[in-house]
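Notes to accompany the following structure.
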Amino acid sequence: MPPSAAEGLYLGLISGTSADSIDAVLVDFIRGTPQVQATHTHPWPSMLRDHMLALAQGEAAVDLDAVGRLDVAIGHCFADAALHLLEQSGTAADTVRAIGSHGQTLRHRPSGEHPFTLQLGDPTVIAERCGIDVVADFRRADVAAGGQGAPLLPALHAMLLARPGRTRVVLNLGGIANITVLDADGSVRGFDTGPANGLLDAWCMRHRGEPFDRDGVFAASGKVDLSLLDALLADGYFALAPPKSTGREYFHLDWLTTHPQLAAVHPADVQATLLELTARSVATAITQHAPTAEEVLACGGGTHNSVLMRRLGELLTPRAVYSTAQYGIDPDFLEATAFAWLARQRLLGLPGNLPAVTGARGPRVLGAIYQASAAVSSSRIFSGAH
Ligand SMILES: Nc1ncnc2c1ncn2[C@@H]1O[C@H](COP(=O)(O)OP(=O)(O)OP(=O)(O)O)[C@@H](O)[C@H]1O
Ligand SMILES: [Mg+2]
């Protein structure tokens with residue numbers, strides 16, 4: 001008898017909106033609680049990344065052949081990331097219950113007549129190369145149920161970080177920023193507040209030729225342009241009531257350059273203004289939606305930007321703002337851990353979304369299972385090796 005899907009090792013894979021790298025994490029669920037066993041950050045081949053970003057931002061014409069090839073190429077990179085993690089941690093593939101693979105989002109349009117969200121990274125390639133069942137396509141069941149398909153992190157945030165009687169906010173500073181409000185009464189809310197690092201990365205690449213503004217040094221060398229900041233903050237997205245989610249197809253460089261004020265502003269001042277945009281939009285969302293929160297626990301790559309973290313601390317005073325590392329949770333692997341958890345939820349037939357967050361009509365079991373080859377599966381059952 002194979003052991004219950006409730007226990008054992010799961011592997012989570014994600015590349016977020018920044019497409020900075022593929023995060024891979026091996027998670028052991030001990031009495032339902034995820035314990036991170038090993039992590040790996042896998043680089044993207046730069047040509048593939050450039051192509052993905054061009055498509056994701058609508059800069060490249062959509063060519064169906066190219067999309068088909070890209071799906072497989074991304075699948076291979078995700079498989080490479082998983083295999084590297086298994087090898088580096090000395091983990092045998094047949095001890096892993098399943099891989100939860102988010103893939104790479106190329107479009108996220110959860111509103112309109114035919115709402116959709118599109119992640120690439122062929123799960124059959126990952127299953128074939130790793131010999132492990134793969135759960136993928138986590139967002140679409142929520143969108144089909146009238147939800148945003150995002151954010152999906154709040155359920156895990158609640159499991160790991162909720163404290164009864166205390167309102168906390170978990171803030172994910174990825175390409176996009178999202179907050180999870182863990183209310184004192186146990187209820188959970190959450191939504192995307194707007195850009196976090198995505199615009200900062202893009203402007204830094206254009207003017208410095210570097211993929212991100214390490215430690216916010218470029219932003220710190222400029223000063224905030226209030227006229228540009230006001231114009232950016234006037235965007236309708238910030239005032240929209242939740243549920244709401246957004247992505248790179250909306251907040252990208254073309255969005256920035258549509259603002260006529262930009263032309264008169266020095267590049268370093270634009271970088272400072274973009275950092276302020278992230279800090280202000282996040283702080284406003286928190287003060288409006290979680291006025292009684294005493295603590296903001298931050299995760300995602302933006303936690304390494306000390307200029308951004310300091311500014312958030314100032315704007316959110318007297319609330320304390322710190323990294324989830326303070327609670328023993330690696331801020332760089334919480335998102336990948338969520339996809340390991342979501343894979344386990346799928347195998348257990350349990351929901352992964354929170355309708356109060358995504359706006360879906362109800363809880364939904366998320367993701368589809370792509371089984372590794374029958375030969376691998378039957379040998380696993382008969383050898384009893386898990
Ligand atoms: N030392 C650092 N200084 C400044 N920024 C950093 C640093 N390290 C990482 N970052 C930022 O973090 C980003 C990556 O963060 P993360 O991986 O959480 O984003 P993501 O993959 O887009 O995730 P999400 O799906 O949550 O949007 C980088 O693109 C960069 O902007
Ligand atoms: Mg990332």
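Coordinate-derived values only; no laboratory data. This is a predicted model, so every value here is computed, not measured. Here Cβ is always computed from backbone atoms with ideal geometry, including for glycine, and neighbour counts include all displayed protein chains.
With θ set to phi - 60°, apply the Karplus curve 6.51 cos²θ - 1.76 cosθ + 1.60 along the stretch 62-73 and write out the HN-Hα couplings as whole Hz, x wherever there is a Gly or Pro.
Per-residue couplings from phi come out as 7, 10, 4, 4, 5, 5, x, 5, 4, 4, 6, 4 Hz.
Just A38, A24, A336 to compare: in a GNM of the chain, with alpha carbon springs under 10 Å, which one fluctuates most?
A38
Based on Cα coordinates alone, diagonalise the gyration tensor for the stretch 154-327, multiply each eigenvalue by 5, take square roots, and list the semi-axes in whole Å, largest first.
Values: eigenvalues 157, 54, 37 Å².
Semi-axes (√(5λ), whole Å): 28, 16, 14.
Starting from the exponent 0.38 and prefactor 2.2 Å, build the expected Rg for the stretch 207-268 from its residue count and divide its actual Cα Rg by it.
Values: Rg = 13.5 Å, N = 62, 2.2 N^0.38 = 10.6 Å.
Taking the Cα Rg and dividing by 2.2 N^0.38 Å, one obtains 1.28.
For a footprinting-style exposure proxy, rank V72, V296 by other Cβ within 10 Å, fewest first. Walk me through the numbers before you get to the answer.
Working: V72 13, V296 21.
Ordered by Cβ neighbours within 10 Å, fewest first: V72, V296.
Give me a comma-separated list of calculated 3J(HN,Hα) values for the stretch 13-29, in order, Karplus coefficients 6.51, -1.76, 1.60 applied at θ = phi - 60°, integers in Hz, x for any Gly or Pro.
Karplus-based 3J(HN,Hα) across the stretch 13-29 equals 9, 8, 10, x, 5, 6, 6, 6, 5, 9, 8, 10, 9, 9, 10, 9, 9 Hz.
Along the stretch 344-360, what does the Karplus equation 6.51 cos²θ - 1.76 cosθ + 1.60 (θ = phi - 60°) give for ³J(HN,Hα), rounded to whole Hz, x for Gly and Pro?
Here the 3J(HN,Hα) series is 5, 4, 5, 5, 7, x, 9, x, x, 8, 10, x, 5, 8, 7, x, 5 Hz.
Please return the longest stretch of the chain lacking exposed loop sites, where trypsin sites (Lys or Arg not before Pro) count only if DSSP places them in a loop and at most 14 other Cβ atoms lie within 10 Å.
Values: sites that count: R31, K223, R361.
That gives 32-222 as the longest site-free run.
Over all directions, average the projected area of the Cα convex hull of the stretch 241-386 and note it in nm². Numbers along the way, then the final one.
Values: hull surface 54.5 nm².
Its Cα hull, projected and averaged over all orientations, spans 13.6 nm².
In the stretch 1-104, what GluC sites (Glu not before Pro) fall in a loop by DSSP, with at most 13 other Cβ atoms inside 10 Å?
E59
Give the relative contact order (percent, whole number) for the stretch 154-327; include only Cα pairs under 8 Å separated by 6+ residues. The partial results should precede the final answer.
Working: 305 pairs, mean separation 47.7, N = 174.
Computed value for the stretch 154-327: 27 percent relative contact order.
For the chain, what's the relative contact order in percent, using C-alpha pairs closer than 8 Å and at least 6 residues apart? Could you put the intermediate results ahead of the total?
On the way: 832 pairs, mean separation 87.3, N = 386.
Relative contact order here is 23 percent.
Using amide H atoms built 1.01 Å from N in the peptide plane, name the residues 5+ places from D332, or on other chains, whose amide H lies under 5 Å from its own.
G300
Of all alpha-carbon pairs in the chain, indicate the percentage at a distance above 38 angstrom.
Tail of the P(r) past 38 Å holds 16 percent of the pairs.
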